[in-house]
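Notes for the one structure printed next.
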Amino acid sequence: MASKQETIIPLKLWVDKERKLVVMAEASGDFVDVLFSFLTLPLGTIIRLVSKNQPHQPVEIGCLNNLYQSVEDFSTDVFWNHICKKMLLSPANPCEALCKRLKLNVDDTDTKYYMCSSCLEDNDWLLSTFGLTSCSCGKLMDKEMKLVVESNEETHENGVFVKEKTMFLIFDDLRVLKSSPGNTVQQLLQLGYRDFNKMTEMSLKVGMKEISSIVKQALTSKSPLSDVFLANGESKPMYSFSPHAITGPRRFGNFRYSVDLKITVCKSENKIMFAEAEEDFVDFLFSFLTIPVGSILRLTYAKLSLGCMDNLYTSVKDLNSSWFIGSSGTSLLNMRVAPQYGCKRQLLSLSEEDTPSYWYGYGTGVMKTNTGSVQDGTISKEMHKVQYPQAMKLFDPRSPDGRRDPAVGFVRRPSLFVVLDDLKVTPLTTTSSISFLQKLNVPLDDLEEHVVEIGAQEALNLLAASLTSKAPLTESLFCLLKKPKEEIQIIL
């Protein structure tokens, strides 16, 4: 288990050795905070972290690995700049500041802040979250600034999402309940146990190695605690997807954007071979990497069986709000994409977190507030560290001119791409169309072209299929060719 040098969290397990499974666990809020933080992780971060920590046992989340690999393989010329590629491969956590307070934080993302030395001297207050960004003055934003954070969360008791000095029951499928005799009796009876005779108590010290393994198994297994702590080995992925399974009240709001997509079907195999896509659709696909797990479960009403992550989301929903710190429970249930990491022409009902306000002053440097306003001498105990604060503008790293022109996604315009059924993406600017067709090795008269409209409902189906299927284009879009459109729409 954990080494003596690293931070550890105590955990008690009750194990059925005969059946080789963890019946239940009991832990403090520190451990539950770590579990709930999984909901804040963007998908691209999960793929990167698991590949880094377990390079010989990569996690496969539907076809998301192919999307991630496509971005890795792309030349930076495909994107507006090299930062766009970095943003997709290492997306920011929308709750980064909170997660840094975890006893064990699996997310190693660390946002830094930079200004342009030349513009700073001219009193032009522009801030970047990426170093060596090309400022619109032509020089590099290379001056790292110290950040002072004003946050209401700092005034709360110890803990991050849940109250630290509380005890919770955690089950093998990551369902979380408050620890009470009543809950214990009810759950054990439902699991088929009339007493503790068949169970053995184990006391563990959990470190980062175990937490990293739980993250992976939480996405691919229905028994992650048994898999990790009883060395039950690799579990087969537990996925389910149906275009009709994600139901709920219609709530697309103002998200009415749609794109036309040209798809080519193999008639003899009844499947989609590939799609020809322009920039907006590819930006939409790549945006999957920046979406936190909690946002996906919100969009799919936690009915997408993605390992055990749906149980974590439902646990947050079912726990009494008094067990959470402030509004952290509501935040976990309504997770959004980190500022500047969203898809500007998003097909889903998904938005970015509000951009904090930043102020520059003499003293320690940059002040970050969540309130959006500064009242001289009264904003917080930290405010005195920044004297004479001046409002700053956050530099948009995806924009051709971060000062004036708004960003329009990640990839350059105009561009054309080929998207295979397994979401491997290839830019046609660097690939011969003839060579591509030759590699398919399919008779040309067996190919049939269609144009389909991808709106909010189709986009939601595609997102779900990309997480659960090895052929997401066929799984989510082929039905558009077989039935009238109104018959296959998800009722939301």
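The values are calculated or read from the model by the stated rules, or taken from the named source; none is laboratory data. Worth saying up front: this structure is predicted, and the values here are computed from it rather than measured. Heads up, the Cβs are rebuilt from the backbone with ideal geometry, glycines too, and the neighbour counts pull from every protein chain shown. These accessible areas exclude ligands, DNA and RNA; they are computed on the full protein's heavy atoms, side chains included. Shrake-Rupley method; radii C 1.70, N 1.55, O 1.52, S 1.80 Å.
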Failed item, numbered, when residue 433 is tested on (1) modelled with pLDDT of 85 or more; (2) of a type in the set (Gly, Ala, Ser); (3) surrounded by 15 or more Cβ atoms within 10 Å (Cβ to Cβ)
(3)
Selection status of residue 424, at pLDDT below 90 and either open to solvent by less than 70 Å² (accessible area, probe 1.4 Å) or of a type outside the set (Gly, Ala, Ser) (or both):
no
Is it fair to say residue 330 is farther than 25 Å from residue 408 by Cα, modelled with pLDDT of 80 or more and among the β-branched types (Val, Ile, Thr)?
yes
Checked 476, 432 against criteria (small (Gly, Ala, Ser) and within 26 Å of the chain's Cα centre (by Cα)); the one match is 476
Give me the residue from the range 270-298 that is farther than 17 Å from residue 219 by Cα and among the small types (Gly, Ala, Ser) and, out of that set, surrounded by the most Cβ atoms within 10 Å (Cβ to Cβ).
287
Single match in 39, 98, 49 (criterion: modelled with pLDDT of 95 or more, part of a helix (DSSP H, G or I) and among the hydrophobic types (A, V, I, L, M, F, W, C))
39
Exactly one of 261, 219 is among the aliphatic types (A, V, I, L, M) and modelled with pLDDT of 95 or more, and that residue is 261
Being at pLDDT 85 or above and assigned to a loop (DSSP other than H, G, I, E, B) is the filter here, so list the residues in the range 146-163 that pass it.
160, 161
When you scan the range 201-213, do you find a residue that is in contact with a Pro (Cβ under 9 Å, 6 or more places away or on another chain), assigned to a helix (DSSP H, G or I) and surrounded by 14 or more Cβ atoms within 10 Å (Cβ to Cβ), even just one?
yes
Please tell me if residue 86 is surrounded by fewer than 20 Cβ atoms within 10 Å (Cβ to Cβ) and in a helix (DSSP H, G or I).
yes
Among (1) over 28 Å from residue 349 (Cα atoms); (2) in a loop (DSSP other than H, G, I, E, B); (3) modelled with pLDDT under 85, which single condition is residue 389 missing?
(2)
So which residues in the range 428-461 are β-branched (Val, Ile, Thr), free of Cβ contacts under 8 Å to residues at least 60 places away in the same chain and not in a helix (DSSP H, G or I), if there are any at all?
431
Residues being touching a Gly at 6+ places or on another chain (Cβ under 6 Å), in a loop (DSSP other than H, G, I, E, B) and open to solvent by 30 Å² or more (accessible area, probe 1.4 Å): count how many of those fall in the range 299-338.
1
Which of the residues that make up the range 320-352 are over 13 Å from the mean Cα position of the chain (by Cα) and of a type in the set (D, E, K, R)?
344, 345
